[in-house]
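The values are calculated or read from the model by the stated rules, or taken from the named source; none is laboratory data. Here the structure is a predicted model, which is why all the values come from computation and not from measurement. Neighbour counts run over all protein chains shown; Cβ positions are idealised from the backbone, glycine included. We work out accessible area using only protein heavy atoms, side chains counted, and drop any ligands, DNA or RNA first. Shrake-Rupley method; radii C 1.70, N 1.55, O 1.52, S 1.80 Å.
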Amino acid sequence: MTTFVFGHKAPDTDSTGAPLIWEWYLNSKGVDAKAKLLGQPNTEAAFVAKKWGFALPEIIADVENDQPVVIVDTNNPAELPANINNADIQAIIDHHKLVGGLETKGPIDITIRPLACTVTVMHDLMGADAETMPDNIKGLMLSCILSDTLEFRSPTTTDTDRALAQKLAAELNLDIAVYASEMFEAKSDVSAFSDAELLRMDSKEYSVEGTKFRVSVLETTAPKIILDRKASLMETSVEVAKEDGVDQVILFVVDILREEATLLVPNDLVKTLAEKSFGATVSGDTVVLLGVMSRKKQIIPALKL
């Protein structure tokens, strides 16, 4: 059977590019593999795929029993198909904390490393085979690293990520600053998306002391475009929370250039969360959190009520 390779729901550039990269690698090793998506990718991911000549992978809703799969860029069952534990999970390649809850049919290869991007882990796993990557795969890899590190601004950035990105850019004869700017401009174009789509676009579920949150992050170079919609976003967040079975949707609008996040504060629950988690003083329906850019390293670990 064909091995499906996919990342998490609400796919970003890493969860779109990494499956395509690993599809190429497995096929090069004689394994029949196909990249899949678990949702509509964001605008940056779509831009990157088109830039490097890839059609976006097929979106699947679930997997059948015994379907061979490789999971990338997550190990969280909440971000994966409902039937994932009945699939034949063959490997996990990730850079997030170990969540638990996945069940496999036998021993598998699991690689989780404290790097900023899944594809940096993949590059290490490829070993000497990485030198055979065609330019379009190199382009995907570079794009994923620049996206996940916000062009090295994110505190998740490691020397390994930076060195690999610089190596790939040199081989592709690309100026990192110019290309990253193009990517972030594409990411910032959210005019075609509804409020509900924006709230789910880059989000993860997380519980704090029994309260279930959908933690949404929108990274942009044009935060005003999103913040001008704050009233309708806060109103829609109530509906999204109800539909998704969580208690509250919280939205952080990350300004890539100013290196700060604006948290929408629609009610006293989020006000308390902001004050206890970030030591913020909240006096309105938004609060600016200086230096906060990473959900994985700065937002999720800080959340408390």
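Couple of notes before you dig in:
- Net charge in the neighbourhood of HIS95 (other residues with Cβ under 12 Å of its Cβ; Lys, Arg +1, Asp, Glu -1) is -2.
- Nearest-ten-degree value, helix 268-278 long axis tilted from longest Cα axis of the chain: 60 degrees
- Here the translational diffusion coefficient of region 48-90 follows from Stokes-Einstein with Rh set to the Kirkwood radius across Cα pairs; for 37 °C and 0.692 mPa s it amounts to 276 µm²/s.
- With Cα atoms, 0 to 90° folded angle of helix 135-149 axis to the chain main axis: 30 degrees
- At 0.692 mPa s and 37 °C, Stokes diffusion of the chain via Kirkwood alpha-carbon radius, µm² per second: 167 µm²/s
- Relative to its residue count, region 8-48 spans a Cα convex hull of 55 Å³ per residue.
- Accessible carbon and sulfur surface of the chain relative to its total accessible area, %, 1.4 Å: 49 percent
- Here region 169-233 is treated as a Stokes sphere of Kirkwood radius computed over C-alpha pairs; at 4 °C and 1.567 mPa s its diffusion coefficient rounds to 92 µm²/s.
- For region 43-49, 3J(HN,Hα) per residue [Karplus equation, 6.51 cos²θ - 1.76 cosθ + 1.60, θ = phi - 60°, Hz, x = Gly/Pro]: 5, 5, 4, 5, 4, 5, 4
- Between the beta carbons of GLU182 and LEU227, assuming R0 = 25 Å, the FRET efficiency works out to 0.60 to the nearest 0.05.
- Based on the Kirkwood approach, the hydrodynamic radius assigned to region 52-180 is 16.0 Å, with every pair of different Cα atoms included.
- Amide H contacts of GLU205 (H built 1.01 Å from N, under 5 Å, at least 5 apart or other chain): VAL215
- Taking the DSSP beta bridges with both ends in the chain, the antiparallel portion is around 40 percent.
- For region 1-57, applying the loop criterion from DSSP together with a ceiling of 16 other beta carbons within 10 Å to the trypsin sites (Lys or Arg not before Pro) yields LYS29.
- Think of the chain as a dipole: +1 on every Lys or Arg Cβ, -1 on every Asp or Glu Cβ, centred on the Cα centre; then among LEU289, VAL5, GLY279, GLY279 lies furthest on the positive end.
- Overall, the chain carries a charge dipole of about 500 debye about its Cα centre when +1 sits on the Cβ of Lys and Arg and -1 on the Cβ of Asp and Glu, all other atoms neutral.
- Using a probe of 1.4 angstrom and keeping all protein chains present, the accessible surface of region 143-257 works out to 43 square angstrom per residue.
- Principal-axis tilt of helix 230-244 within the chain, Cα atoms, nearest 10 degrees: 60 degrees
- Sequentially through region 184-195, phi angles give Karplus couplings (6.51, -1.76, 1.60; θ = phi - 60°) of 5, 5, 5, 5, 7, 7, 10, 4, 7, 9, 6, 4 Hz, Gly and Pro residues having no value and appearing as x.
- In sequence order, calculated HN-Hα J values of region 203-211 (Karplus, 6.51, -1.76, 1.60; Hz; x Gly/Pro): 9, 9, 8, 8, 9, 10, 6, x, 9
- Spin-label pair SER207/LEU98, simplified geometry with 7 Å Cα→Cβ offset, distance in nm: 2.0 nm
- Calculated on alpha-carbon atoms, Rg and Dmax of region 121-190 in Å: 12.1, 39
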